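The values are calculated or read from the model by the stated rules, or taken from the named source; none is laboratory data. Just so you know, these numbers come straight off a predicted model, no measurement behind them. Here the Cβ positions follow ideal geometry from the backbone for every residue, glycine too, while neighbour counts run over all protein chains shown. Keep in mind that these areas ignore ligands, DNA and RNA; they rest on the heavy atoms of the full protein, side chains included. Shrake-Rupley method; radii C 1.70, N 1.55, O 1.52, S 1.80 Å.
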Amino acid sequence: METGGLSAAALANGDLGSQRERTLVPERLQKREHERQLEVERRKQKRQDQEVEGEKSDFFAAAFARERSAVEELLESGETIKRLEEAAARLQGLQKLINDSVLFLAAYDLRQAQEVLARLQAALAKRRQELQPKKRFAFKTRKKDAASTTQVDSAPDAPAAEGILTSPLPLKEEGDFDSSWICGFSNQQSQVLEKRAEELHQQDVLLTQLRDCTIKLYGNPNTLRLTKAKGCTLLCGPVSTSVFLEDCSDCVLAVACQQLRVHTTKDTRIFLQVTSRAIVEDCTGIQFAPYTWSYPGIDKDFEGSGLDKNKNNWNDVDDFNWLARDVASPNWNVLPEEERRIQWD
């Protein structure tokens, strides 16, 4: 009897187990079907996103090529200030087109577009200079038989430091250093160098071969380039277009601009206001923080620059030497808040 009872209990338990299995099978099937549908939707959405990005990229390429051709035509036939101002307005539009497209453009396409824009801006500055009345140039003869050469301004009423000779800037370097770069400072050491709004307005500023200097630019330049600087502090008002930084080390900058490009630079802090994505290349030890410099009249300079003070991508940086999107670049980082408290004056 006990054996029969055990067998009946075992059969009953078996029946219960089978019922549970039959109950779980539809649940498993439903779960698998749900996962399959999610995967189908994910792939469908990915294809749609790729199609949209492709359409956006095609639109960008067509619009950029059209505006580029128009600007080049204006610059080639730009015999009047009015045509150059039209070219400048179109360049502003090109910059905005790039800014609005950074989220879907490939890094290579973005880099190519920004380099084209920089070349066009340099060409515009050169044409403007050709049409303007001759500016005063500083000439210096090192020897009796030496030819006079055009120079970037030295600091007002401040002689060069002992042992540091003021020398002319190279006329060209990577296609950008030409006669339009006439505003700035060169070959100075341990100096405080300043320029005011009336000197800077829509000028292309070049700062080169500076060491342990403090540079204060109160105004609205068109472009700004700092090259071959060491241990310097640069404070600059809003720059209408681009800021280029190259071959620098141990510097501190406060700059506001549409585009920032940092090349072959190390151990430098940048307090930044930028409307597009900043770019670093061949750099190490770059730190970013929000722009905090201020001076009387800066709001007026921001209005004149066309920059949107409410749009700041200071920590949105592309490193052209670091392609891994899911791993942070080791070449730059955000400056800790406790290290941002700087007394600029």
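Of all residues in segment 94-123, count the ones that are over 21 Å from residue 82 (Cβ atoms) and open to solvent by 10 Å² or more (accessible area, probe 1.4 Å). Working first, answer last.
Here is the first cut: in segment 94-123, the ones over 21 Å from residue 82 (Cβ atoms) are 96-119.
Of the ones still in play, those that are also open to solvent by 10 Å² or more (accessible area, probe 1.4 Å) are 96-97, 99-100, 102-109, 111-112, 115-116, 118-119.
Final tally of qualifying residues: 18.
Identify, please: which residue in segment 100-135 is of a type in the set (S, T, N, Q) and within 15 Å of residue 243 (Cα to Cα) and is, among those, farthest from the chain's Cα centre (by Cα)? It would help to see each step written out before you state the result.
Pass one, segment 100-135, residues of a type in the set (S, T, N, Q): 101, 112, 114, 121, 129, 132.
Now restrict to residues that are within 15 Å of residue 243 (Cα to Cα): 114, 121.
Numbers: 114: 9, 121: 15 Å.
Per the stated criteria, the residue is 121.
Annotation: of all residues in segment 256-267 being polar (S, T, N, Q) and open to solvent by less than 10 Å² (accessible area, probe 1.4 Å), the one that is farthest from residue 299 (Cα to Cα) is 265.
Based on what the data block shows, is residue 144 charged (D, E, K, R), at pLDDT 50 or above and assigned to a loop (DSSP other than H, G, I, E, B)? So residue 144 does not fit the description; no. Quick check, is residue 253 out of contact with any Ser or Thr (no Cβ under 6 Å at 6 or more places or on another chain) and loosely packed, with under 14 Cβ neighbours inside 10 Å? Against the criterion (out of contact with any Ser or Thr (no Cβ under 6 Å at 6 or more places or on another chain) and loosely packed, with under 14 Cβ neighbours inside 10 Å), residue 253 does not qualify. A Cβ distance below 6 Å, combined with a sequence gap of six or more or placement on separate chains, defines the contacts here; from segment 329-341, residues that are loosely packed, with under 10 Cβ neighbours inside 10 Å reach no residue that is among the acidic types (Asp, Glu) and modelled with pLDDT of 95 or more. Scoring residue 285 on the criteria (1) modelled with pLDDT of 95 or more; (2) open to solvent by less than 10 Å² (accessible area, probe 1.4 Å); (3) under 17 Å from the mean Cα position of the chain (by Cα) leaves a single failure, condition (2). Only one of the numbered conditions (1) closer than 15 Å to residue 203 by Cα; (2) open to solvent by less than 10 Å² (accessible area, probe 1.4 Å); (3) not aromatic (Phe, Trp, Tyr) is violated by residue 235, and that is (1).
Residues that are surrounded by fewer than 24 Cβ atoms within 10 Å (Cβ to Cβ) and outside any loop (DSSP other than H, G, I, E, B) within segment 196-205 comprise 197, 198, 199, 200, listed in sequence order.
Is it the case that some residue within segment 268-282 is open to solvent by 40 Å² or more (accessible area, probe 1.4 Å), within 19 Å of residue 101 (Cα to Cα) and in contact with a Pro (Cβ under 8 Å, 6 or more places away or on another chain)? So far as segment 268-282 goes, no, none of its residues is open to solvent by 40 Å² or more (accessible area, probe 1.4 Å), within 19 Å of residue 101 (Cα to Cα) and in contact with a Pro (Cβ under 8 Å, 6 or more places away or on another chain). In summary, residue 268 fulfils each of the numbered conditions (1) among the hydroxyl-bearing types (Ser, Thr, Tyr); (2) in contact (Cβ under 8 Å) with a residue 40 or more places away in the chain; (3) assigned to a strand (DSSP E or B) with the single exception of condition (2).
Quick check: anything in segment 219-234 assigned to a loop (DSSP other than H, G, I, E, B), closer than 25 Å to residue 103 by Cα and touching a helix residue (DSSP H, G or I) at 6+ places or on another chain (Cβ under 8 Å)? Within segment 219-234, not a single residue is assigned to a loop (DSSP other than H, G, I, E, B), closer than 25 Å to residue 103 by Cα and touching a helix residue (DSSP H, G or I) at 6+ places or on another chain (Cβ under 8 Å).
Report yes if residue 126 is at pLDDT 50 or above, within 30 Å of residue 189 (Cα to Cα) and either hydroxyl-bearing (Ser, Thr, Tyr) or open to solvent by 40 Å² or more (accessible area, probe 1.4 Å) (or both), otherwise no. Criteria met by residue 126.
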